[in-house]
Amino acid sequence: MKTIQEIQSEVDALNPQDIADYAWSLCDEFRLHFDAELLVSMLTSDSEKLLSIAAWIAGEVVDVTTGRMLRSPIAKLLSHPAPEIRVEVIKPAFVMATPSDHSVVARILELLADRDVSVRCRALRIACLMDDELISEKVLLKIPQAALMLPQCTKEKLQDELGNGGLMSVRICIAGIMKHFSADEELTKLARLRFADDLRVFDSLPKQGRYM
């Protein structure tokens, strides 16, 4: 593997049109020779360009067992001021989350109301995949609306929140519907009407806890 200094130098010299190809190539290197310490160094860089690449790579190569060292830097990046960083770090934060990571789970749900549309939509995709066991009592204390994502939430409650709730409640309702009521045409039609962003995003949301 390359050193952090070599990677930083290469990233600094990249033209915008070459970033994607470079990220894929570097990701392949991590798949062949996973180096957690190097990825941590990338995730704590001062370069937003490198942070974005590192966060995307983390989402492609880490899981609950390989990502222990990465949890702290990734959790911090969920609050990064640049939306380009926040949007990329949602997936690895989710992939590594366990029921004890209630602060991380709550922060992912908070991003459902992010000021940036791309971040909101990425958070919604992830929320639709979130196992019910991740919605712990401590998460509910931080985000009471998260109860709308649990299977015991009724159709009537979802309808009421879709009709009268704010942005956060509506987004969480949509996640709950996709997780547990995606076959209900009445609910999904109402959810689609309340979705304020690109409808292509809504129509591609995961249903029944997986991508269809």
Legend entry - Among the listed pairs Lys49/Lys142; Lys91/Lys155; Lys142/Lys189; Lys49/Lys76, those beyond 26 Å (Cα-Cα): Lys49/Lys142; Lys91/Lys155; Lys142/Lys189
Legend entry - Efficiency of FRET between Thr44 and Lys157 - r from beta-carbon atoms, R0 35 angstrom, step 0.05: 0.25
Legend entry - Size of charge dipole - the chain - debye, nearest 20, with Cβ of Lys, Arg +1 and Asp, Glu -1, no other charges: 700
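Any idea of the accessible area per residue across the chain, 1.4 Å probe, to the nearest Å²?
49
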Inset, instruction - Considering only Ile172, Ile126, Ile19, give the residue with the highest GNM mean-square fluctuation for the chain, with springs between Cα atoms whenever their separation is below 10 Å. - result: Ile19
Legend entry - Net dipole in debye of region 116-212 [+1 Lys, Arg Cβ; -1 Asp, Glu Cβ; about Cα centre; nearest 20]: 240
Inset, instruction - Quantify, in whole percent, the carbon and sulfur part of the accessible surface of region 1-133 (1.4 Å probe; protein heavy atoms only). - result: 50
Legend entry - Residue among Val40, Ile126, Thr3 farthest towards the positive dipole end of the chain, charges placed on Cβ: Ile126
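What value, in deg cm²/dmol to 500, does the helix sum -39500 (n - 2.57) over DSSP H runs of n ≥ 4 give at 222 nm once divided by the residues of the chain?
About -18500 deg cm²/dmol.
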Legend entry - Alpha-carbon gyration tensor eigenvalues x 5, square-rooted, for region 26-143, Å: 23, 16, 12
Inset, instruction - With log10 I(q)/I(0) by the Debye sum over Cα atoms at q = 0.07, 0.08, 0.17, 0.18 Å⁻¹ defined as stated, name the option among (1) -0.40, -0.50, -1.22, -1.30; (2) -0.33, -0.42, -1.09, -1.16; (3) -0.23, -0.30, -1.11, -1.20 computed from the structure displayed. - result: (3)
Legend entry - Net dipole in debye of region 1-96 [+1 Lys, Arg Cβ; -1 Asp, Glu Cβ; about Cα centre; nearest 20]: 500
Legend entry - Convex hull volume per residue for region 86-206, taking Cα atoms only, in Å³: 93
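The values are calculated or read from the model by the stated rules, or taken from the named source; none is laboratory data. Since this is a predicted model, take the numbers as computed values, not measurements. Every residue, glycine among them, receives a Cβ derived from its backbone with ideal geometry; neighbour counts consider all protein chains shown. What goes into the accessible areas is simple: the full protein's heavy atoms, side chains included, and nothing from ligands, DNA or RNA. Shrake-Rupley method; radii C 1.70, N 1.55, O 1.52, S 1.80 Å.
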